[in-house]
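Undergrad: Once you've had a glance at the structure underneath, I'll fire off some questions.
The values are calculated or read from the model by the stated rules, or taken from the named source; none is laboratory data. This is a predicted model, so every value here is computed, not measured. Quick reminder, even Gly has a Cβ in these numbers, built from the backbone with ideal geometry, and neighbours come from all protein chains shown. Just so you know, the surface numbers come from the protein's heavy atoms only, side chains and all, with ligands and any DNA or RNA stripped out. Shrake-Rupley method; radii C 1.70, N 1.55, O 1.52, S 1.80 Å.
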Amino acid sequence: MNSEYGKKAGGGREEKKAEVEVGSTAITRGVTWELESSRALRNFGIMMGGARVRLNGWQQAAVAVGSALGALLDPRRADLIAALGETTGKPAFERVLERMKRTPEGRAVLLERPRVLSSEVGHAWDLPENTFGGAYAKFMGSRNFSPDDRPPTRFMDTEELAYVTMRAREVHDFWHTLFNLPTNLIGESALKVIEFEQMYLPMCMLSVIGGSARFTEKQRALFFKHYFPWAVKAGASCTDLMCIYYERHFDEDLEDVRRRWGIVPAPAPPKQTSI
């Protein structure tokens, strides 16, 4: 009986030991995964450039108002426009994030976190002009634009939201290329209408209001009669543009990707009309 009891007791100790070892392994793996994830997020924060700033409600409101006034006075201040977008757009970016998680390409973008930087998209300059990447390179080169000029994200609470915000900022020139919109005041205002239809960012509509206030009478008539109705329809009828992994489509024909994504390029302005 004692011998049998000893076997049972010994077996119980071995089972408990095995359970402890399994549990320890699981904990170790969990801690390792957490450390790797944290390290990746820290590296992403460094890559984004600039430290993020946490704001309370009053501070957020103050930054939003100050940025809006400053951007109205000087529309060239990309940093103020970016700050306005972040402090007023968190709910919108949260919805974009959830939509991205529901599509294969959106999930791939969130997982790999591609950046639109010269070091990452420079190969587009070697592609034929009829390709999406080649057309984007021509758009950028003809205006002497650099993909590295976007201000960093500063006021988002999480790394994931910070990336989505930065992604929206960095694909802006992809959308210019796809919709064939110029970078003058009318073209930028029309693209802001499309961005609003896609993401419902308050900053986009504020930009349209501010931009239209600086139109001449002729430009205002042209915008609201010709470009605004097109932009509303184009932004609402195309695919979810934040869920596209654009860099994977650089070598594809521009017209093919436009058709696939339901993109209708901007109509030509009426003859004898200067914008």
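Undergrad: Which number in (1) open to solvent by 70 Å² or more (accessible area, probe 1.4 Å); (2) in contact (Cβ under 8 Å) with a residue 12 or more places away in the chain; (3) within 24 Å of residue 165 (Cα to Cα) marks the one condition that residue 209 misses?
TA: (2)
Undergrad: Which ones in segment 95-112 are part of a helix (DSSP H, G or I) and open to solvent by less than 50 Å² (accessible area, probe 1.4 Å)?
TA: At the first step, the residues of segment 95-112 found to be part of a helix (DSSP H, G or I) are 95-101, 104-112.
Listed by number, the residues that qualify are 96, 97, 100, 106, 108, 109, 110.
Undergrad: How many of the residues making up segment 224-253 are within 21 Å of the chain's Cα centre (by Cα) and closer than 19 Å to residue 183 by Cα?
TA: Qualifying residue count for the region: 4.
Undergrad: When residue 203 is evaluated against the numbered criteria (1) closer than 19 Å to residue 96 by Cβ; (2) exposed (fewer than 14 other Cβ atoms within 10 Å of the Cβ), which criterion, by number, is the only one it fails?
TA: So residue 203 meets the others, but not (2).
Undergrad: Could you list, in sequence order, the residues of segment 216-268 that are assigned to a loop (DSSP other than H, G, I, E, B) and either touching a Ser or Thr at 6+ places or on another chain (Cβ under 6 Å) or within 21 Å of residue 101 (Cα to Cα) (or both)? Walk me through how you get there before you give the answer.
TA: Taking segment 216-268 first, the residues assigned to a loop (DSSP other than H, G, I, E, B) are 216, 238-240, 244-245, 250-252, 261-268.
Result: 238, 239, 240, 244, 245, 251, 261, 262.
Undergrad: To continue, here is another question. Among the helices (runs of 4 or more DSSP H) lying completely within segment 113-184, list those that include at least 2 residues that are open to solvent by 40 Å² or more (accessible area, probe 1.4 Å) and not polar (S, T, N, Q).
TA: Values: elements: 118-121, 132-142, 159-170, 172-179.
Ranges flagged: 132-142.
Undergrad: Still on this structure, please answer the following. One residue is enough: does segment 215-233 have a residue meeting the conditions touching a helix residue (DSSP H, G or I) at 6+ places or on another chain (Cβ under 6 Å), small (Gly, Ala, Ser) and either open to solvent by less than 20 Å² (accessible area, probe 1.4 Å) or under 23 Å from residue 104 (Cβ atoms) (or both)?
TA: Yes.
Undergrad: Also, quick follow-up: May I ask you to list the residues in segment 75-91 that are open to solvent by less than 20 Å² (accessible area, probe 1.4 Å) and either at pLDDT 95 or above or over 13 Å from the mean Cα position of the chain (by Cα) (or both)?
TA: The first filter runs over segment 75-91 and keeps only residues open to solvent by less than 20 Å² (accessible area, probe 1.4 Å), leaving 82-87, 89.
Selection gives 83, 84, 87.
Undergrad: Would you check if residue 211 is over 18 Å from the mean Cα position of the chain (by Cα), among the small types (Gly, Ala, Ser) and over 20 Å from residue 265 (Cα atoms)? Reasoning before the result, please.
TA: Working: over 18 Å from the mean Cα position of the chain (by Cα): yes; among the small types (Gly, Ala, Ser): yes; over 20 Å from residue 265 (Cα atoms): yes.
Considered against the rule, which asks whether it is over 18 Å from the mean Cα position of the chain (by Cα), among the small types (Gly, Ala, Ser) and over 20 Å from residue 265 (Cα atoms), residue 211 comes out as yes.
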